[in-house]
Amino acid sequence: MLIKFFSFLKNIYGSHRVGASAGKTLLWLWLKRDLTKINGDLGIDLAGGDMDNKRFFSTKKYLCVDIDAERLNRARDKHPDAIIINSKIEDFLINENSEKGDVYLCTQTMGTNNLFDHDNTIQTIKSMYDHLRQGGSMVFNVACPKNFDHIKNEVGKFLEKKFENIDTKYYGAFHFSPTWMPGFLRLAIAYIMNFVPPIRTLFTLKKQRIYFCCKNKI
Ligand SMILES: C[S@@+](CC[C@H](N)C(=O)[O-])C[C@H]1O[C@@H](n2cnc3c(N)ncnc32)[C@H](O)[C@@H]1O
C-alpha cells in the first residue's frame, strides 16, 4: 500500500518539469497546463535551448530555433524527431522563407538570457505575432526587473484585440533560492503560488516577471 502511494507520488512528480527554483517551476506548471491543450500542425520553440519544454507541445511537428548550435545538436540527439534551426530568433521571425507555425513558445530568454539583446524584446514579440498563422497561439514570458511597466503596457497595448483570449500573470517570487531545497518542496511552493496569486509576487515586492498565453490569433 505504502509502496503504491510512493510510486503514485513519484509519477506525479515525474510528470512535471521541476526547475532550479520554485519560481521557475511555477512557469513550467503554467506551460504544462496551457501549452499541452493547444493543438496544431507546427509548434515552434523559440530559443528552445535543450528542448526541455518539448514535452509540453501537442503539435504534430516540433521545431526548435536557437542561436547556440552545440546546444541544439546535443538536444536533437535526445529528441531525434525535432526539427532544428540554428539562428537568432529575431532573424528567423523576419525571414520570409521560414515556415510559419500554429504555436509559438519563447521562455526564459527575453529579459533573462545573456545572449539575447533585451532591446529587441518588444520587436521580437511583435514579430512573433506577425509570423504566427491565423488561429494560432503564442506563449511567452518576459523578465524585467527594470522598466517593467513600459514592457507590460506596450506589449499589452499591442496584443489587445489580436487574440480571442489573452491570459496574463505576474510572478517573480522565489526565483532564486538562497539555499538548496528538495524538488518536491519547490514543486509544492510552485503549486501554492499557482493557487494564491499574491504570493507569486510576494505581495508586489517581486513583481518582476510576466507570463502571457495568447490563444487563437484573430
Ligand atoms: C535559459 S535558455 C532557455 C531555454 C528554453 N526556452 C527553456 O525555457 O528551457 C535560453 C536560450 O536562449 C538562447 N538564445 C538567447 N538569445 C537568443 C537569440 N537571440 N536567438 C536564438 N536563441 C537565443 C540561448 O542559446 C539559450 O539556449
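Could you list log10 I(q)/I(0) for segment 155-214 at q = 0.22 Å⁻¹, which the Debye formula gives when each Cα is one point scatterer? After summing over all Cα pairs, the log10 values are -0.91. Taking every alpha-carbon pair under 8 Å whose residues sit at least 6 apart, the chain reaches a relative contact order of 23 percent. Note on segment 1-130: with charges restricted to the Cβ of Lys and Arg (+1) and Asp and Glu (-1), its dipole about the Cα centre is near 960 debye. Among the GluC sites (Glu not before Pro) in segment 57-162, those located in a DSSP loop and surrounded by at most 15 other Cβ atoms within 10 Å of their own Cβ are GLU96, GLU99, GLU160.
Here the residues CYS64, CYS214, ranked from fewest to most Cβ neighbours within 10 Å of their Cβ, fall in the order CYS214, CYS64. Among LYS161, LYS54, a tally of other beta-carbon atoms within 10 Å of each Cβ gives an order, fewest to most, of LYS161, LYS54. Legend: distances between Cα atoms for LYS100/LYS206; LYS157/LYS215; LYS152/LYS215; LYS24/LYS161; LYS24/LYS54; pairs beyond 25 Å are LYS100/LYS206; LYS24/LYS161. Restricting to DSSP H runs of at least four residues, report the calculated mean residue ellipticity at 222 nm for the chain, -39500 (n - 2.57) per run over all residues, nearest 500 deg cm²/dmol. The helix contribution divided over the chain gives -11000 deg cm²/dmol.
No lab work stands behind these numbers, since they all come straight from the coordinates. These figures come from a predicted structure and were not determined experimentally. Cβ coordinates were reconstructed from backbone atoms using ideal geometry, including for glycine residues, and neighbour counts include every protein chain displayed.
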